[in-house]
Amino acid sequence: MAYRNLLVADDGAVRTLTVNRPDKLNALNLETLNELMLAFGQAAHDHAIRVVVLAGSGDKAFVAGADIAEMNSYTPMQAQSFSRIGQALMLTIERLGKPVIARIQGYALGGGMELAMACHLRVASQKAKFGQPEINLGLIPGFGGTQRLLRLAGRGAALELCLTGAQIDAARARSLNVVTQVVAPEALDEAVQALASQLAAGAPCAAAGILDAVLSGGECSIEQGLDYESQAFALCFATEDMREGTSAFMERRKAEFKGR
Ligand code: CO8
């Protein structure tokens, strides 16, 4: 399928989706949100794809936020619909059932930081900049930023970043758990590729179970979370991959997971 604002590239079991509006620093307009939703839906249902990498075109930005020019003329009803579409996309990414890695080389601001936080792992260049500057526009984060930043970085940091609109560098983002890995700019592609390959070699059912147990567990009591874990654990025993992984250990060989 051809997209106007997205590039799609497959390398084995790794699919890279690149937001491709570099002249607008990859700002998220409605069309881009809709295309991302379609592309993530396709990746979710494609059995051959085990990992998705989300990136932005050009050197300057991952995504510099929601498209301010488009939002400028929105009515409250349009704004609510835009916010809901963005929130649904972020939930789709978070609940994809496959690991999603954000590759962040530059600005990840506003909706861009929210998009990155919906991914499961975030690899950033030392040059990356993060922030929730919506307050400077008379807005608040509307794609789940208040909630995901709170969960990742805690209440103090969420309030500080959202209330001041300040930009932070990759090192501070790492210290707040907003990114999982910071590397030199020239090492970014290699680091993302290495991580994606490592994840793609894992057992898909186990990865899905981990994502479900961790993400669901963060939103419920310990008892309910342990139930999720137990059910996901039991489900692994219905897979060939679990037999393969345990047999490979006993036979002192590398496991080959088939995704069944
Ligand atoms: N939206 C639209 N266009 C943008 C955006 C954006 N978020 N960011 C950059 N651009 C455009 C610029 O307008 C410019 O276009 P043009 O060349 O046609 O004038 C081009 O990208 C290059 O940008 P700059 O010339 O500004 O580049 P600089 O290097 O000087 O500055 C910055 C880079 C600092 C990143 C600057 O562009 C900037 O501050 N951008 C806006 C950042 C921002 O405020 N982001 C938050 C947006 S609000 C948001 O994300 C809310 C999400 C939830 C929405 C909920 C819905 C209701």
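Computed values, structure above
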read-out	value
Qualifying residue in segment 154-164 (condition: in the same structural domain as Leu17 (by TED's automatic domain parsing), closer than 20 Å to Asn34 by Cβ, part of a loop (DSSP other than H, G, I, E, B) and out of contact with any Lys or Arg (no Cβ under 6 Å at 6 or more places or on another chain))	no
Condition met for Glu35 (assigned to a helix (DSSP H, G or I) and in contact (Cβ under 8 Å) with a residue 40 or more places away in the chain)	no
Residue match in segment 70-80 (condition: closer than 22 Å to Asp189 by Cβ and surrounded by 17 or more Cβ atoms within 10 Å (Cβ to Cβ))	no
Which listed residue, of Gln80, Gln147, is modelled with pLDDT under 95 and not basic (Lys, Arg)	Gln80
Matching option when the condition is more than 13 Å from the chain's Cα centre (by Cα) and either at pLDDT 95 or above or in a loop (DSSP other than H, G, I, E, B) (or both), among Ala116, Ala55, Ala44, Ala102	Ala44
Contacts under 6 angstrom Cβ, first residue in segment 62-82 being assigned to a helix (DSSP H, G or I), partner more than 7 Å from the ligand (Cβ to nearest atom), 6 or more apart	Glu70/Asn29
Conditions (1) more than 30 Å from Ser247 (Cβ to Cβ); (2) without any contact (Cβ under 8 Å) to a residue 40 or more places away in the chain; (3) not in a strand (DSSP E or B): number failed by Ile210	(1)
Filtered residues of segment 152-171 (kept if surrounded by 14 or more Cβ atoms within 10 Å (Cβ to Cβ) and touching a residue at least 40 places away in the same chain (Cβ under 8 Å))	Gln167, Asp169, Ala170
Residue within segment 119-140 that is more than 8 Å from the ligand (Cβ to nearest atom), within 14 Å of Leu33 (Cα to Cα) and at pLDDT 95 or above present	no
Candidates Leu109, Leu89, Leu115 - the one that is within 12 Å of the ligand (Cβ to nearest atom), under 26 Å from Leu199 (Cα atoms) and in contact with a strand residue (DSSP E or B) (Cβ under 6 Å, 6 or more places away or on another chain)	Leu115
Residue that is of a type in the set (S, T, N, Q) and modelled with pLDDT under 95, where the choices are Ser216, Ser247	Ser216
Residue in segment 8-18 that is within 16 Å of the ligand (Cβ to nearest atom) and either surrounded by fewer than 19 Cβ atoms within 10 Å (Cβ to Cβ) or on the phi > 0 side of the Ramachandran plot (or both) present	no
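The values are calculated or read from the model by the stated rules, or taken from the named source; none is laboratory data. Small disclaimer: the values here were computed from a predicted structure and weren't measured. Cβ coordinates were reconstructed from backbone atoms using ideal geometry, including for glycine residues, and neighbour counts include every protein chain displayed.
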